[in-house]
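To start, the structure itself, in C-alpha cells.
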Amino acid sequence: MRAASGARVGPGSGSAEPHRVAWLLLACGLRAAAAHATVSETLIVGLARGRGDEVWAACTQPATLRRSADGGRSWTTALAGRGTGFAAVVTMPGRPERLAAIEREGTVWRSDDAGDQWHALAATIPGSVRAAVWLPGGAIDVVGDDGAIARSSDAGGTWRRVGAPTPVALHDVAAAGPHAAWIVGDDGTMWTAVAAPTREPLLGVAWADGHHGWAVGRNGTVLHTSDAGGTWTILPAPSTEGLRAVAALASGAAAVVGVGGAWRRDPTHGWRRLDVGSDWRSVVPTADGHLLLGADGGRTARVAIDHRETP
C-alpha cells in the first residue's frame, strides 16, 4: 500500500473550524435466533439509530425513508424522496430528535421533531452521494462516487467542499471522535502518514471510540486499529467473499456483514457466524441489545448481540 499526502482540516491547517478529517482510501453451543422482517420490495443502503428503540432505513428503488419504532420488528414509510434513492440518514449526536436524510442526487431533508415532519432544504450537495455521518462536534460530512467530500456546519443548511476531490469513489464515512472522521474508498491509496496492509477496496468503516476502528472490504478484508488510525492491522477474516459493512461494538468486538452472511467477533472467541442467512448490505446496533441487518428486497433481521453463536 502506498501512502500519499491528503487533505487534513483542523488546527494549524488554515481552517477556523476545529475539525479534523483523515482519509483512508484503499484500493479497490447455541445458534443465534434471528427475527426477520421486510421493509418493502426495496434496497436498504443505510441504517441509523434514533431515539430509544427507533431505527431509520435509507432506501432506494423507490426513494423512501422508513421508520421503525420497535428496533426493526415493523416498519412504516416516513418520507418519499424526489430522486432515485436515499443514500444516508443520520441523527445528531446528543439530539436524536434531529435528523438529516440525504438523497443520492444531493437533496437534503431535515426533521427537528424526531421524524414526524420533514422539509427539503434549499441547499443541495453536488455529485452522487454515497454516505454521510453527523459528528459529535456538530458537522455533517458527506462522501460520494465522484471522490468529493462536502461538509455542513449548520445542520445541512449550507455546504462546502473539503479539499480537492479525490480521483476515486468514496464509499463510507464514520466518526472517530468529536471532530474527526475517517473515509474509505477505492484505488489503493491511504491518505494518512501510514501504509495500509491491503490493496483491496474498502466499503465500510466504523469506530468504537477515538482509538479503536474497523474497516472492511472486498475478498473478506478486515482491518483494525487501536491507536486512532496510526497503524492498521489486517485480521483473519470470517469469509473470503466481500464484506460490505461493519458495526463497532463494546469491548473490542465488532459485527460485519456481506455477501456470504453476517459474523460477530470478540477478542476472546474470534469470529462466530450469525444464523441470519446471506447477502447483507448494512448493520447497526439497536438500543435493546440487538444487531439490525438490512439487505436487498427490503429484507431485515434482528439478532441479539450477546447470543452464543456457532463458529
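The values are calculated or read from the model by the stated rules, or taken from the named source; none is laboratory data. What you see is a predicted model, and the numbers here were worked out from it, not measured in a lab. Methodologically, a virtual Cβ is constructed for each residue, glycine included, from the backbone with ideal geometry; neighbour enumeration extends over all protein chains shown.
Is it the case that V168 is in a strand (DSSP E or B) and β-branched (V, I, T)? Steps first, please.
Values: in a strand (DSSP E or B): no; β-branched (V, I, T): yes.
Criteria not met by V168.
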So which pairs qualify, if the first residue must be in region 150-165 and within 11 Å of A139 (Cα to Cα) and modelled with pLDDT of 90 or more, the second must be surrounded by 12 or more Cβ atoms within 10 Å (Cβ to Cβ) and aromatic (F, W, Y), the Cβ gap must be under 7 Å, and the two must be at least 6 apart or on different chains? A150/W159; R151/W159; S152/W159
Across region 193-223, which residue is nearest to the chain's Cα centre (by Cα) among those that are closer than 23 Å to R49 by Cβ and not aliphatic (A, V, I, L, M)? G204
With criteria (1) surrounded by 14 or more Cβ atoms within 10 Å (Cβ to Cβ); (2) in contact with a strand residue (DSSP E or B) (Cβ under 8 Å, 6 or more places away or on another chain), S278 comes up short on (1)
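Which strands (runs of 3 or more DSSP E) sit wholly inside region 180-272 and have at least 2 residues that are modelled with pLDDT under 90, in contact with an Asp or Glu (Cβ under 7 Å, 6 or more places away or on another chain) and closer than 20 Å to A131 by Cβ? So that I can check it myself, show each step before the final result.
Numbers: elements: 180-185, 202-207, 213-217, 221-225, 243-248, 254-258, 261-266.
Where strands (runs of 3 or more DSSP E) fall fully within region 180-272 and carry at least 2 residues being modelled with pLDDT under 90, in contact with an Asp or Glu (Cβ under 7 Å, 6 or more places away or on another chain) and closer than 20 Å to A131 by Cβ, they are 180-185.
What do you reckon, is A123 surrounded by fewer than 18 Cβ atoms within 10 Å (Cβ to Cβ), in contact with a strand residue (DSSP E or B) (Cβ under 6 Å, 6 or more places away or on another chain), part of a strand (DSSP E or B) and at pLDDT below 95?
Numbers: surrounded by fewer than 18 Cβ atoms within 10 Å (Cβ to Cβ): yes; in contact with a strand residue (DSSP E or B) (Cβ under 6 Å, 6 or more places away or on another chain): no; part of a strand (DSSP E or B): yes; at pLDDT below 95: yes.
So A123 does not fit the description; no.
Mind checking which residues of region 17-63 are modelled with pLDDT of 50 or more, assigned to a strand (DSSP E or B) and surrounded by 22 or more Cβ atoms within 10 Å (Cβ to Cβ)? Spell out how you get there, then give the answer.
Within region 17-63, the first condition is being modelled with pLDDT of 50 or more, and the residues that meet it are 34-63.
If we keep only those that are assigned to a strand (DSSP E or B) too, we end up with 34-38, 43-49, 55-60.
Within region 17-63, I44, V45, G46, L47, A48, V55, W56, A57, A58, C59 qualify.
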Within region 137-179, residues over 17 Å from the mean Cα position of the chain (by Cα), closer than 21 Å to G229 by Cβ and crowded, with 19+ Cβ neighbours inside 10 Å come out as V162, T166, V168
